[in-house]
1. In whole Å, how far is the Cα centre of the range 280-333 from that of the range 154-202?
2. Sticking to Cα atoms, compute the Rg of the range 158-214 to one decimal and its Dmax as the biggest Cα-Cα distance, whole number, in Å.
3. Evaluate the range 1-71: find the radius of gyration of its Cα atoms, find its Kirkwood radius, and give the ratio Rg to Rh.
4. When a footprinting reagent is the concern and you count Cβ atoms within 10 Å, what order do 375, 185 take, fewest first?
5. Sorting check: for 56-65, 339-348, which peptide has the highest mean count of neighbouring beta carbons within 10 Å, and how do the rest follow?
6. As a check on your grasp of the helix formula, calculate [θ] at 222 nm for the chain: sum -39500 (n - 2.57) over DSSP H runs of n ≥ 4, divide by the residue count, round to the nearest 500.
7. Measuring from centroid to centroid over Cα atoms, what is the spacing of the range 67-93 and the range 2-30 in Å?
8. Report the full-extension gain for the segment residue 21 to residue 303: residue separation times 0.36 nm, less the Cα-Cα distance, to one decimal in nm.
Ligand code: PMP
Ligand code: GLN
């Protein structure tokens, strides 16, 4: 049988987490916390489960959750949304990204991604019959190469996928970047898919710039967010997409046949938690900044070189002083023989550069970070 995705294997996150488990390594690879979600949130889940909220919720998500999302994006980004026509709850950001691509990309359309690009983007484009155009981020700061972007934009370009805070690089986009995107696509029929799942993990006094806060981009964008990241509950697979009515109409045509809707009692629980505990998201940047600072302080004496992340819960490190191995070989060695699992960057590139950089995840208990750092400092 001919594969529809001949170049795609198992995602690197699954490969590395399994390797960590098989070899008993500390897992700083796949991005998920090793601490639990808030107790109050779990209480709400149990309450709604026992309240028999166990049948199909509405296709677009329960009204109270969509209303909370509307309140939230107004509060954080000053953006007015209609929860009826512009907000859709999905089964993870992965589903939202997939739905948005299927909704607007047709055979022959070009979709621009910035490498290293999160690994679910390209397969979604391929399955829609589109062509992915890879524009590498600039080194060493992982910014946008505006000249290169301008060169590849043409009348076949349908979608540009942006991601800030950026996984795996930890870089962030600023308002000036959004202004440049807006100017570059002004004369074309181009949409933006903005992956903002790490919106509450921005450090050093900076603030997250959402496309929802940019009037011109907001009118042309799907903005995707994940409750999994925000509430330390990646296993619940609950997320949402905010887009103008015309885009949301097309988005829901896909969503209704991919999953139709998303787990009921978890939606009720998150809606209640958002209403009762708004401080959770206000406190999140500091919570993760402390983890970043701790991890960076702990690995500072090692031979790994790094610039602290500006956002996300990932830290890139350069291991060139330690090994000549390729990044894939090095993470295999690190996991199997040293006892700490990480993520290589090569799988996120069309043409990987010659850099020796890997990604560690620091959304872990302090004791886990201490244990891992001790091993890394002995490298
Ligand atoms: N986009 C990025 C950049 C991510 O890192 C992730 C996963 N961690 C997702 C999307 C998918 O999020 P979810 O788990 O909600 O599907
Ligand atoms: N986004 C997570 C990461 O970057 C992994 C998600 C997944 O495994 N699908 O590690």
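Laboratory data are not the source of any read-out in this text; all were calculated from the coordinates shown. Bear in mind that the values here come from a model prediction, so they are computed numbers and not experimental data. So basically every Cβ, Gly included, is an ideal-geometry build from the backbone, and we count neighbours across all protein chains shown.
1. So the separation of the two Cα centres works out to 24 Å.
2. Rg then Dmax for the range 158-214, in Å: 11.7, 36.
3. 1.15
4. Going from sparsest to densest Cβ surroundings: 375, 185.
5. 339-348, 56-65
6. On the way: 14 runs with 152 residues, N = 379.
Per the formula, -12000 deg cm²/dmol.
7. The two parts, judged by their Cα centres, are 33 Å apart.
8. Values: separation 282, 0.36 × 282 = 101.52 nm, distance 2.58 nm.
Net length gain for the segment: 98.9 nm.
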